[in-house]
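Where a number appears in this text, it was derived from the coordinates with a stated rule and is not lab data. Please read all numbers here as calculations on a predicted model, not as lab measurements. Reconstructed Cβ throughout: ideal geometry from the backbone, glycine too, with neighbour counts over all protein chains shown.
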Amino acid sequence: MSLILKNGIVYDPRNGMKGEKKDIFIENGKVVEKLRDRKAQVIDVSNKLVMPGGVEIHSHIAGGKVNVGRMLRPEDRLKLIMPRTPLTRSGAGFANPTAFMTGYLYSKMGYTTTFTPAMPPLMAKHTHEELHDIPMTDKGAYALTDGNWFIYKYLKEGDIDKCAAYVAWLLKATRGLAIKVVNPGGTEAWGWGKNCTSLDDPVPNFDITPREIIRGLMEVNERLGLPHSIHLHTTNLGRLGNYVTTLETLKIPNGTKAAFDRQVMHLTHLQFHCFGGDTWKNFESKADEVVKEVNKRENVAIDSGNVTLDETTTMTADGPMEYYLQSLSHLKWVNKNVEMETAPGVTPFIYSNKMSSSSIQWAIGLEVELLVKDPWKIMLTTDHPNGGPFFRYPRIIAWLMSRKYREKTMAEVHKAVQDHTILPTLDREYTLDEIATITRAAPARAFGPLAETKGHLGVGADGDVSVYDIDPRAFNPNDYLEIEERFSKAAYTVKGGEVVVKDGEIVKVVQGRTLWSSPPVNEALAREVMKDIEYSFKRYYSVNLANYPVAEGYLSGSTPIVTKSKIA
Amino acid sequence: MKEITLRPKEQPKVRLEAEVINPAVFAGKGLKEIEGLQIQLGNTRVRLADFFEVSGARVDDPKDLRIVIDGDAGHTKRIGEGMATGEILVRGGVDMYVGARMTGGRIIVEGDADSFAGQQMVGGELVIKGNAKDYVGSSYRGDWRGMRGGTITVEGNAGCENGEFMMGGKIHIKGSAGPFTGLHMKKGLIVVGGNAPRVGAQMQGGSIVVAGKMEKLLPGFWLEGEEENLKIEADSFEGRYLRYSGDHAEGNVKGLLYLKKPI
């Protein structure tokens, strides 16, 4: 099976292609130099924009709390309904689309890889069952490690190797791709009605600080040679004046060496971490100060976490933060305790353009993107659904590419944006090359060896391509509504060499692969750690150890990534 | 007003969903087009004409259009959902969601209505001459934003949790109402002509008037005084009423409950 995309205008940042006319050849699911097969399907994409398939680095599309969000908000279903077609299943939900619909919506936008950032290990089976029901994209889940008692214990004892061996076991047991750290220590403290409010605030009963947890897990991550760095949602998300914590967090990786050509710390949804001021009256953006630090550091990457000014459902593993949020909004909320591991929360939130706080948050998200000098360091996200639903990406792309569009929206939001942010002074407009970087190449690069096959169109890359009905040579960024429309409906999405979307409609349903990390550990160390695990399961867990790991059969297209671990 | 009449044929056991029965949808369409409108029957789509005989002549302005359902539509849900103008007259009963999210115009149901009549209504008028089931003028399941405006009149009795999360407008139930009418109410007026138990649970604002008996006054209501010939905005009520504030189980409470004093 082979495919030729003929005469497209290609943007492929990894291979330095900035709008060159080039044919793309795909054979057996991979991009190749030349086709052996003479009967290839030929698609004429003359004067159309061709990019690698989109790579989603942070979107809550599966995991315990996504379903809790669906149960908490039946009314969300009413706002977006997709009827069944002969090819696709029905679905509903605006902030929390149902699983199948999630896959279709991503594919229609030209995305081919989607990672979900918060899998509570105890709920790994559920997470993979849900991922199984998301068609069209390759998937992966990051295991939550922020409130984990084993990790606290080993880090406190200073035993990085044992901690690494435990994390290796955890990733294999949960089929996790990367390590996610959410409000380190704070989620455990929340079990006692407390929180960690600075990086040096010790966790109750463990006498370990968030800073120690972050630094320890960072070392563990690199020792295991995991494809991604630690994926960090740092302390004090959404709190006034939290930019101080963010600046402190950015200094933690000093001196840590990455196992690959990538960051050692991925700081996620930065928008929620750039808050200045001490009351909601003097709430202001500190994106400039935070991004100045990001620009200086080679070993840090970020994603934006844009606010799209919609009614949405917030959900994070940061239980205390959700409690705080519902105390502001007085809306319904759920808190969930996952024994020994984490404590997520869920509550609806309305980002209204009439509210100063929502408007400033909208501006901060765009400031973060516009101020980061090197687009390879930043990735486009909305922290779906926390800042807004992922299918608003085309609108964010339009805001980034058109200053005129930003000005139009600025006139419609609360006037606080004028004085409390510097967005009005920012003239930068993203180029198509930069858009391809922040939605494709940079998220792939953040996954070290995965960047060989994802986020580019060079020989050996996965046959994942998106084509948009945009002629880059006759293109006016001020046609912002058109940009939004065209990026919403890919002319073609190609997944593994097969055309799955045509003119914004699904034409073929495919089941993607599930990527997970499998770091080797030497037997003696693994045995020693296993003793601790067995003991703790008998003593503390409500499930039997044998029932905890996810069997490989649960995964659709299981694709383990065996790493070069230093404890093998 | 010009009429288009729908005469029910033999009705299915599975309920129909026909939000297309709306003057704005019918306006500007010939009879053939109206007959061909798609409605939902279980998991299949059918034509309106499969279950209703359509007669009348094309009307262009929905303001001038009255849709008459000449018979019982007790197996048809969502009649007049989201309607903005014109009129619907049903010479029989209707199923759930009649007039849900309507913003204007008028619906008259001569028979009974099932649950969720006038759900999240924004404006207009809904009259039910028979009885209504639960959740008259309520919010959508899970939503904290209920009816915002317009008026609903039920001439018979109504079921439970009417005016749930109500934020404005008026509900008048001339008969009796089931428990928890005005649950989570924030604004607006609910009048119950007959009896109603356990009214106003967790209400934070708005007014409820009960002219009949009320069993089991909730403990969060505090007696504030008595009033003779009550006046609430444009409405007046004869007789002597006990005035309660509540529900004090909530914070920042402005809700008022008026209970007719037995003579």
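When ranked by the protection proxy of mean other Cβ atoms within 10 Å per residue, highest first, what sequence do the peptides A:164-172, A:551-559, B:201-209, A:349-357 form?
Sorting A:164-172, A:551-559, B:201-209, A:349-357 by mean packing, highest first, produces A:164-172, B:201-209, A:349-357, A:551-559.
Given points 7 Å out from each Cα along the Cα-Cβ axis, report the B:ALA24 to A:MET530 separation in nanometres with one decimal.
Distance between label points: 6.6 nm.
Show that you can apply the helix-only estimate: for chain A, add -39,500 (n - 2.57) for every DSSP H stretch of four or more residues, divide by all residues, and state [θ] at 222 nm to the nearest 500.
Result for chain A, helices only: -9000 deg cm²/dmol.
Under 8 Å for C-alpha pairs, at least 6 residues apart: give me the relative contact order for chain A, rounded to a whole percent.
Computed value for chain A: 21 percent relative contact order.
What is the sum of charges, Lys and Arg at +1 and Asp and Glu at -1, for the other residues whose Cβ falls under 11 Å from the Cβ of A:HIS233?
Taking every Cβ under 11 Å from that of A:HIS233, the sum is -3.
Between beta-carbons, use under 13 Å as the cut-off and find the net charge around A:ALA259, counting Lys and Arg +1, Asp and Glu -1.
Charge balance in the 13 Å sphere: +2.
Would you tell me the mean number of C-beta atoms belonging to other protein chains that fall within 10 Å of each C-beta in A:327-336, as a whole number?
1
For region B:168-236, just say rounded, prolate or oblate: build the C-alpha gyration tensor, square-root its eigenvalues into a ≥ b ≥ c, call rounded for a/c under 1.5, and beyond that prolate if a/b exceeds b/c, oblate if not.
rounded
Would you grab the residues whose amide H sits under 5 Å from the one on A:ARG513? Only those 5+ places off in sequence or on another chain, please, with H modelled 1.01 Å from N.
A:ASP138, A:LYS139
If you take the charge dipole of the protein assembly as shown about its Cα centre, with +1 on Lys and Arg Cβ and -1 on Asp and Glu Cβ, which of A:THR493, A:TYR323, A:TYR540 is farthest toward its positive end?
Of the candidates, A:THR493 comes out farthest on the positive side.
Which order do the peptides B:212-219, A:31-38, B:11-18 take when ranked by the mean count of other beta-carbon atoms within 10 Å per residue, highest first?
By packing density, highest mean first, the sequence is B:11-18, B:212-219, A:31-38.
Taking the alpha-carbon distance from A:LYS153 and a cut-off under 19 Å, which aspartates and glutamates remain once sequence neighbours fewer than 8 residues away in the same chain are dropped?
A:ASP161, A:GLU188, A:ASP200, A:ASP201, A:ASP207, A:GLU212, A:GLU219, A:GLU339, A:GLU341, A:GLU528, A:ASP532, A:GLU534
How high is the FRET efficiency from B:ASN252 to A:LEU481, r the C-beta distance, R0 56 Å, rounded to 0.05?
E between B:ASN252 and A:LEU481, to the nearest 0.05, is 0.85.
Taking amide hydrogens as modeled 1.01 Å from N in the peptide plane, which residues meet the under 5 Å criterion relative to B:THR5, leaving out close sequence neighbours?
The list, which skips near neighbours in sequence, is B:SER55, B:GLY56, B:VAL68.
Need one value for A:74-81: mean number of C-beta atoms belonging to other chains within 10 Å of its residues' C-beta atoms.
For peptide A:74-81, the averaged partner shielding equals 3.
Mind putting a number on the dipole of region A:127-279 about its Cα centre? Charges go on the C-beta only, +1 for Lys and Arg and -1 for Asp and Glu, and I need it in Debye to the nearest 20.
Taking the Cα centre of region A:127-279 as origin, the dipole is about 180 debye.
At 0.36 nm per residue, and after removing the present C-alpha to C-alpha distance, how many nm does the segment from A:LYS156 to A:TRP280 gain when stretched out fully?
40.9 nm
Percent relative contact order of region B:2-219, based on C-alpha pairs within less than 8 angstrom and at least six residues apart?
Rounded, it is 12 percent for region B:2-219.
Averaged over B:140-153, how many beta carbons belonging to a partner chain fall within 10 Å of each residue's beta carbon?
2
Among A:SER198, A:TYR104, A:GLY69, flag the residue with its Cα farthest along the positive direction of the charge dipole of region A:55-451, charges on Cβ as +1 for Lys/Arg and -1 for Asp/Glu.
Value computed over the given set: A:TYR104.
Show me, for region B:162-169, the HN-Hα J-couplings you get by feeding each phi into the Karplus relation (A = 6.51, B = -1.76, C = 1.60, θ = phi - 60°), rounded to Hz, glycine and proline as x.
6, x, 4, 6, 5, 10, x, x
Modelled label-to-label distance, A:ASP207 and B:GLU35, 7 Å Cα→beta-carbon offset: nm?
So the label points at A:ASP207 and B:GLU35 sit 8.7 nm apart.
Could you give the length gained on full extension between A:ALA411 and A:VAL507, defined as 0.36 nm per residue of separation minus the Cα-Cα distance, in nm?
30.6 nm
Considering only the other residues whose Cβ falls under 14 Å of the Cβ of A:ALA444, what net charge follows from Lys and Arg at +1 and Asp and Glu at -1?
Around A:ALA444, the charge tally is -2.
Given the rule -39500 (n - 2.57) for each run of at least 4 DSSP H residues, summed and divided by the residues of chain B, what is its mean residue ellipticity at 222 nm, to the nearest 500 deg cm²/dmol?
Rounded to the nearest 500, it is -1000 deg cm²/dmol.
Taking the Cα centre of chain A as origin, sum charge times position over the Cβ atoms of Lys and Arg (+1) and Asp and Glu (-1), and report the length of that vector in debye to the nearest 20.
860
Which of rounded, prolate or oblate describes the protein assembly as shown when judged by the alpha-carbon gyration tensor and an a/c cut-off of 1.5?
prolate
Per residue of region A:242-247, in order, report the coupling 6.51 cos²θ - 1.76 cosθ + 1.60 (Karplus, θ = phi - 60°) as ³J(HN,Hα) in whole Hz, putting x for Gly and Pro.
6, 4, 4, 4, 5, 4
Using a basic spin-label model with each label point 7 Å from the Cα along Cα→Cβ, how many nm lie between A:ASP471 and B:ALA234?
If labels sit at A:ASP471 and B:ALA234, their model points lie 5.9 nm apart.
Taking a ≥ b ≥ c as the square roots of the Cα gyration tensor eigenvalues, with a/c under 1.5 meaning rounded and otherwise prolate when a/b beats b/c, else oblate, which class fits region A:43-171?
oblate
Check B:GLU224: other-chain or 5+ apart residues with amide H under 5 Å from its amide H, H built from backbone geometry?
Distant-sequence amide H within range of B:GLU224: B:ARG243, B:TYR244, B:SER245.
When you count, for each residue, the other Cβ atoms within 10 Å and take the mean per peptide, how do A:191-197, A:244-250 rank with the highest first?
Order by mean packing, descending: A:244-250, A:191-197.
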